[in-house]
Amino acid sequence: MCGIIGKAGDGNVIPDLINGLKKLEYRGYDSAGLAVLNGNVYSSVKTAGKVEALAEKVTACRCSPGSTGVGHTRWATHGAPTDKNAHPHFSPDGKFAVVHNGIIENAAELKKTVLPQDEVYASDTDTEVAAHLLAYYYKGDVIGAVSKTVNALQGSFALGILCSDCPDTLFAAAYASPLFAAKGKTGAFIASDMGAVGEDAAEIYQLADREIARLTKDDVAFFSADGKPVVKNMVNVQVGQLSLEKGGYEHYMLYEIMQQPDAVRDTILPLIRDGHIIRHEGFPEGGFVRDRLNRIRIVACGSAYHAGLVGAALIERYCGVDCRAEVASEFRYAAPLIDKNTLAVFISQSGETADTLAALRLAKKKRAQTLAIVNTEGSAIATESDAAVFTRAGREIAVATTKAYSAQLAVLYALTLYLAREKGTMSTAQEGAYTQELLRLPEKIRLTTETVSETVTELAGLLAQKEDMFFIGRLLDSAAAMEGSLKMKEISYINSQAYAAGELKHGTISLVEEGTPVIALATQPEVFSKTVANLHEVKARGAYTVLITTEQLLGREYAADKVIAVPDTAGPFAVSLAVVPLQLLSYYTAKNRGCDIDKPKNLAKSVTVE
Ligand code: G6P
């Protein structure tokens, strides 16, 4: 997936395109490029690497200005991340320039069956086919050519299109991929995320599937897939400039780790009144919970899935309802047993992860009641679900999520307590007691960042020299171990695996050698001694052992070379504290290894392809 931006303006649009692309880099940063029209002459600059490299190249080559243009930042799907495969791509006659987010699934077929066989392609991308098709269908009417192209393409796409015959006009089309169009003070814009345009975007519209937009500096018009004009309503999306501030920290990731107390507090406060969890409008109605609800599925990807694992374990334990967390990319192609008595919960920071969105659509088709836990208002997952509860983590920029994950856990705690009370499996008094502890969580998270800091930085120096490590835990700690392990591998590039502590001996223990780090989480009193026993087993085989536990459990016997204790809290919430040293451990380990922490290689923050 990629980020696209376009502007039809008055003066030179290149600075706006570059500024916008910098804010879209969370969607991918393998390569970047832009094209502008000056009269009917194109200037185009493309490069492998980040937007900063593009900006330098634009200056170095004294790229000619233009008042209409498109820009792109890429997460490679088809073709290596090279200059050649960077967008925009051009039609063979040089008339059309195209930027694209998504995957054109029938690109090879279109090359074989529709486009002339002697057509020469300049890149290995699927996108280039769209540029060729536009020229192939073009008979002097751009909307007509876009319409035919859009109908021929399969897969997902958000396209920004320029045609040198219409130098003041920008065209766009979308299918199953987010794309916004807006009128602004200095021109008209398209963008994958209007935050890239910021406050200059006044009237904002979102393109529906196979819709086409035509933009000039003073006007935005929309057309259906068959090229007929359509009237659209504006959408209400947050466009506050995407802040690129780091709050004085060296990296966004560290800044965002430190913002977690606020993220959790801002998320839970709207869900609590008079010391109890309220029936938030996003939560299912009490009657449904008591009389019908018999199955819950929590569906998500990446860290959001890890948060879902915690939620599923809690809901099953405290609410007595069959509850499972599932990976969205599997769920959407499986045959999930869900019906109108099912609550299907979809967790997503971005609200636009393609697999999670497809899973949501499947659940709706099967008439499940759907609830989204989302960080981005106006996103597809928030809009399409029956109800939504928003995490209030604020904009997260580091690719490795931290504060959004913590805010997701916070909503899942509140949901668990609400469901348990409504189901009658937890007394109101007990729910109130847990809610009090939930209210203390933000401060305990802050305290954790302080108390673990010294041990974590010291330990990170050692871990940075390793190439393999393991994270283990039981019950909720097992889910937290998965998140800790993911954080470590995604930003430090150390091969790290997470196991339910009891599973390690069923094969994986053969990989433990002298000095292999094994990091055990043991915050759940009922299984503390079991996890410690597993730590003994690996220590006996030479492992370097680390134990993360709570202050209260510290007094017990353990088998660790290094111990990190987080403040005491009620068992269900300990994950929220234990994950903090894990995040910091991965951060400092990656820092010691000189990694690009905020933009790890091969990753993107928002994944709009399946
Ligand atoms: C990407 C990100 C992960 C994130 C996952 C799900 O892979 O790199 O950090 O957890 O997508 O994203 P979502 O926006 O749906 O939470």
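The values are calculated or read from the model by the stated rules, or taken from the named source; none is laboratory data. Keep in mind that what you see is a predicted model, and the values were worked out from it rather than measured. Cβ placement follows ideal geometry from the backbone for every residue including glycine, while neighbour counts extend to all protein chains displayed. Surface areas here come from the heavy atoms of the whole protein model, side chains and all, with no ligands, DNA or RNA. Shrake-Rupley method; radii C 1.70, N 1.55, O 1.52, S 1.80 Å.
Selection within region 178-188: residues that are open to solvent by less than 10 Å² (accessible area, probe 1.4 Å) and over 15 Å from Ser379 (Cα atoms). The member of this set that is nearest to the chain's Cα centre (by Cα) is Ala182. The helices (runs of 4 or more DSSP H) falling completely within region 204-293 that include 2 or more residues that are over 30 Å from Leu447 (Cα atoms) and open to solvent by less than 30 Å² (accessible area, probe 1.4 Å) map to 286-291. In region 164-177, is there at least one residue being crowded, with 24+ Cβ neighbours inside 10 Å and assigned to a loop (DSSP other than H, G, I, E, B)? Checked against the condition, which is being crowded, with 24+ Cβ neighbours inside 10 Å and assigned to a loop (DSSP other than H, G, I, E, B), region 164-177 yields at least one hit. Quick check on region 497-506. Is at least one of its residues more than 25 Å from Val399 (Cα to Cα), open to solvent by 10 Å² or more (accessible area, probe 1.4 Å), more than 16 Å from the ligand (Cβ to nearest atom) and assigned to a helix (DSSP H, G or I)? Within region 497-506 (the criterion being more than 25 Å from Val399 (Cα to Cα), open to solvent by 10 Å² or more (accessible area, probe 1.4 Å), more than 16 Å from the ligand (Cβ to nearest atom) and assigned to a helix (DSSP H, G or I)), the answer is yes, since at least one residue qualifies.
Quick check, is Ser453 buried (at least 19 other Cβ atoms within 10 Å of the Cβ) and either over 30 Å from Glu326 (Cα atoms) or in contact with a strand residue (DSSP E or B) (Cβ under 9 Å, 6 or more places away or on another chain) (or both)?
no
Among the conditions (1) within 16 Å of the ligand (Cβ to nearest atom); (2) closer than 29 Å to Lys505 by Cα, Pro572 misses just one, which is (1). Taken over region 546-560, the residue count meeting the criterion of being closer than 21 Å to Leu504 by Cα, more than 32 Å from the chain's Cα centre (by Cα) and free of Cβ contacts under 8 Å to residues at least 40 places away in the same chain is 3. Selection of region 115-138 for residues being charged (D, E, K, R) and more than 12 Å from Ala97 (Cβ to Cβ) yields Asp118, Glu119, Asp124, Asp126.
Please go through region 115-136 and give me each residue that is open to solvent by 20 Å² or more (accessible area, probe 1.4 Å) and within 18 Å of Leu170 (Cα to Cα), ordered by number. Ala135 - this is the single residue of region 115-136 that is open to solvent by 20 Å² or more (accessible area, probe 1.4 Å) and within 18 Å of Leu170 (Cα to Cα). Within region 516-553, restricting attention to residues that are touching a helix residue (DSSP H, G or I) at 6+ places or on another chain (Cβ under 9 Å) and assigned to a loop (DSSP other than H, G, I, E, B), the residue that is farthest from Ser576 (Cα to Cα) is Arg541. Would you confirm whether any residue within region 190-213 is under 23 Å from Thr391 (Cα atoms) and of a type in the set (Lys, Arg)? The answer is no, given that none of the residues of region 190-213 is under 23 Å from Thr391 (Cα atoms) and of a type in the set (Lys, Arg). Number of residues in region 387-414 that are closer than 22 Å to Ser329 by Cβ and not aliphatic (A, V, I, L, M): the value is 5. The one condition from (1) away from the ligand (no atom under 16 Å from the Cβ); (2) touching a Lys or Arg at 6+ places or on another chain (Cβ under 6 Å); (3) in a strand (DSSP E or B) that Pro442 does not meet is (3). Of all residues in region 588-610, those that are within 14 Å of the ligand (Cβ to nearest atom) and either on the phi > 0 side of the Ramachandran plot or not charged (D, E, K, R) (or both) total 9. Taking (1) touching a residue at least 24 places away in the same chain (Cβ under 8 Å); (2) in contact with a Lys or Arg (Cβ under 7 Å, 6 or more places away or on another chain) in turn, Val45 satisfies each apart from (1).
Check Thr59, Thr68, Thr47 and return the single one that is of a type in the set (Ser, Thr, Tyr) and closer than 25 Å to Lys601 by Cβ. Being of a type in the set (Ser, Thr, Tyr) and closer than 25 Å to Lys601 by Cβ holds for just one of Thr59, Thr68, Thr47, which is Thr47. The single condition among (1) out of contact with any strand residue (DSSP E or B) (no Cβ under 7 Å at 6 or more places or on another chain); (2) outside any loop (DSSP other than H, G, I, E, B); (3) hydroxyl-bearing (Ser, Thr, Tyr) that Tyr305 does not satisfy is (1).
Could you say which residue among Leu521, Leu547 is touching a Leu at 6+ places or on another chain (Cβ under 9 Å) and buried (at least 24 other Cβ atoms within 10 Å of the Cβ)? Only one candidate qualifies: Leu521.
Residues checked against (1) in the same structural domain as Asp16 (by TED's automatic domain parsing); (2) hydrophobic (A, V, I, L, M, F, W, C); (3) at pLDDT below 95:
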{"position": "Ile190", "(1), (2), (3)": "yes, yes, no"}
{"position": "Ala201", "(1), (2), (3)": "yes, yes, yes"}
{"position": "Ile204", "(1), (2), (3)": "yes, yes, yes"}
{"position": "Glu211", "(1), (2), (3)": "yes, no, no"}
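Note on region 524-544: among residues that are polar (S, T, N, Q) and closer than 24 Å to Leu409 by Cβ, the one that is surrounded by the most Cβ atoms within 10 Å (Cβ to Cβ) is Thr531. Pairing residues of region 361-382 that are without any contact (Cβ under 8 Å) to a residue 24 or more places away in the chain and at negative phi with residues that are open to solvent by 10 Å² or more (accessible area, probe 1.4 Å) and in a strand (DSSP E or B), at Cβ distances under 8 Å and at least 6 apart in sequence or on separate chains, gives no pairs at all. Residues in region 298-323 that are in contact (Cβ under 8 Å) with a residue 40 or more places away in the chain, within 28 Å of Ala400 (Cα to Cα) and more than 16 Å from the ligand (Cβ to nearest atom) were compared, and the one that is most open to solvent (accessible area, probe 1.4 Å) is Ala313. Once region 554-610 is narrowed to residues that are in a helix (DSSP H, G or I) and more than 23 Å from Ala410 (Cβ to Cβ), the residue that is modelled with the lowest pLDDT is Gly555.
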